[in-house]
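Report on the structure given below.
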Amino acid sequence: MPTVSMTVNGKKVSGEVEGRILLVQFLRENLRLTGTHVGCDTSQCGACVVHVNGDSMKSCTLLAVQAEGAEVTTIEGLADGDTLHPMQEAFRDNHGLQCGFCTPGMVMSAVDLVKKNPKASEHEIREWLEGNICRCTGYHNIVKSIQQAQQTM
Ligand code: FES
Ligand code: FES
């Protein structure tokens, strides 16, 4: 089996994986980083979004071997110890989640949006979230959370 090596949340990791194994499976099953969720594994729901070399990506759309040498950040790597990332704080403050299933992917997508477009309008925020599906919140409080984080990030 091929060996894959990458940096995940600042730590160098490696593992033997079959070529067909998705990055999300490697994160969840090999590394036990189960904060990254799988809602569909067909690139539709966005529950699996992580950062790969600084960009948000659906980790079910990449094979683990395609992430060879990459810098990956998952939801577990976002907080600074016990201090939540400002985007996580904002989701908490604004009730930007209900069941929480979509939340890791939402937060990772939202962080990337605010880094790339700190002054994104409400319309741009909603457009950016097109690839992240939430079955619970109606998106309203998610948008409010991101607008708060635009002020605090
Ligand atoms: S699990 Fe990757 S988009 Fe749904
Ligand atoms: S909070 Fe339940 S799916 Fe989004």
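Note on Q44 and Q151: the extension gain reaches 35.6 nm, defined as 0.36 nm multiplied by sequence separation minus the Cα-Cα distance.
Here region 1-115 exposes an accessible surface that is 47 percent carbon and sulfur, computed with a 1.4 Å probe and the other protein chains kept in place.
Neighbours of A120, meaning other residues whose beta-carbon lies under 15 angstrom from its beta-carbon, give a summed charge of 0 when Lys and Arg score +1 and Asp and Glu score -1. Equivalent-ellipsoid semi-axes for the chain (Cα gyration tensor, √(5λ), whole Å, largest first): 27, 16, 13. Which of L62, M153, N132 sits closest to the plus end of the dipole of the chain, meaning its Cα is farthest towards the positive end, when Lys and Arg get +1 and Asp and Glu get -1 on the C-beta? Sorting the options by dipole projection puts first N132. Its relative contact order, with pairs defined as Cα atoms under 8 Å and 6+ residues apart, puts the chain at 24 percent.
In the chain, helices alone account for a calculated mean residue ellipticity at 222 nm of -8000 deg cm²/dmol, with every DSSP H run of four or more residues adding -39,500 (n - 2.57). With all protein chains kept in place, the per residue accessible area of the chain amounts to 51 square angstrom at a probe of 1.4 angstrom. Our estimate of slack between E16 and E122, defined as 0.36 nm per intervening residue step minus the Cα-Cα distance, is 33.8 nm.
The charge dipole of region 3-77, taken about the Cα centre with unit charges on the Cβ atoms of Lys, Arg (+1) and Asp, Glu (-1), comes to about 120 debye, rounded to the nearest 20. Under 5 Å between amide hydrogens, built in the peptide plane, is the criterion, and for T34 it picks out nothing among residues at least 5 positions away or on other chains. For C45, the accessible surface of its heavy atoms amounts to roughly 10 Å² (probe 1.4 Å, protein chains only, rounded to the nearest 10). Largest first, the residues H85, H140 sort by 1.4 Å accessible area into H140, H85. Ranking S5, S109 by solvent-accessible area of protein heavy atoms (1.4 Å probe, all protein chains present), from largest to smallest, gives S5, S109.
The values are calculated or read from the model by the stated rules, or taken from the named source; none is laboratory data. Being a predicted model, the structure only gives us computed values, none of them experimental. Note that each Cβ is placed from the backbone with ideal geometry, even for glycine, and that neighbours are counted across all protein chains shown. When the accessible area is computed, the model is the full protein with side chains, heavy atoms only, and any ligands, DNA or RNA have been set aside. Shrake-Rupley method; radii C 1.70, N 1.55, O 1.52, S 1.80 Å.
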